[in-house]
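First up is the structure itself, then whatever we jot down about it.
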Amino acid sequence: LGIVSALLTASIIIIIRSFFIVSGVLYRQEVNLSEMKMKMEILENRAEILLRDRNDLNWMLGVILTFDLFPVRDFCRENKCRPCQEGWVEFQKKCYLFIDEQPWKTWKQSDEHCKSKSADLVTIDHLQEQEFLSKQIKSYYDEYHGFWLGLREINNRWVWTDGRNDTLGFWMGSVYGPSGPFALLIPGKTPTNSWDTSDNGFLNKFICEQEALVKLEARAR
C-alpha cells in the first residue's frame, strides 16, 4: 500500500509539473502571438499612412502639372503649402476665383482668362457646389447680369467645358435676359432655379475653378 501511495503521489506530482510546464509554454505562445498581432497592426498602419502619403503626392503632382509654370510662392510659404492661391476660395478639394473687377467679359474671354490661370470656367458637379457658389456671389448692375459658368449649348445639348452633359438643370423657369448658347449663374435666386442663357456678346463677371493643391484630409493628419 505504501508503495502504491508513493507511486500515486509521484504520478500526481509529475502531472502537476507537466501541467505547469504546458501552461507556461501556452502562455508564452499567447504572449508571442499578441506581440506578433501588435507588430502586424503597426506595420499595417504604417503601410496605410505611406499609401495615403503617396496618393496625396500624386494628387499634388497632378495639380502642379496643370500649370505651365507652377507659382510656388503663391501656394507654399515656409515649407508649408496651402490648398489654394491667395484670393481663391476653397470648397471640397477645389479652388474658386470670383472675377469681379471690370471690364467684364464675354463667355469666350472669360474662358480664356481662366485658362491663362491654369483653371477653367466653373463646372458644377452637385447641388452642394451650386449652393456654395450661390452664397458667394452678389447681384450687380441689373437683374439680368450674373456670373458665367463653364456650360454651353452644343448640338441642342448643354455641355460642361470638361465634356460632361449637364444633368442638373438648375434653370430658371423662363428665359430671363437675352437668350443664347451660354449659361449664367444669376445671383439672389433659388439655387435650383438660378441658371439663365445668354449670347457671347453679353459682358458679365465669371468664376474660375481649379483643383486644390492639398486635400483637406491630408492637412488633418
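FYI, it's all coordinate maths here, none of it is from the lab. Computed from a predicted model, the values in this text were never measured in an experiment. Here the Cβ positions follow ideal geometry from the backbone for every residue, glycine too, while neighbour counts run over all protein chains shown.
If R0 is 30 Å, what FRET efficiency do you get for T167 and K93 from their C-beta distance, rounded to 0.05? Mind showing how you got there, number by number?
On the way: r = 20 Å, r/R0 = 0.68.
It comes to 0.90.
When the chain is fully extended, how far beyond the present Cα-Cα distance does I14 get from Y141, taking 0.36 nm per residue of separation? Write down the numbers at each step before the final one.
Details: separation 127, 0.36 × 127 = 45.72 nm, distance 10.03 nm.
Result: 35.7 nm gained on full extension.
Give the cross-link partners of K189 among the aspartates and glutamates, using a straight C-alpha distance below 12 Å as the criterion and excluding same-chain residues fewer than 8 apart.
Straight-distance partners of K189: E131, E143.
In the structure displayed, which of K39/K215; K135/K205; K117/K138; K80/K115; K138/K205 lie more than 18 Å apart, Cα to Cα?
Listed pairs above 18 Å: K39/K215; K117/K138; K80/K115.
Report the extension gain between Q29 and T66 in nm, rounded to one decimal, defined as 0.36 nm multiplied by the number of residues separating them, less their alpha carbon distance. Intermediate values should be presented prior to the final figure.
Values: separation 37, 0.36 × 37 = 13.32 nm, distance 5.54 nm.
Length gained, Q29 through T66: 7.8 nm.
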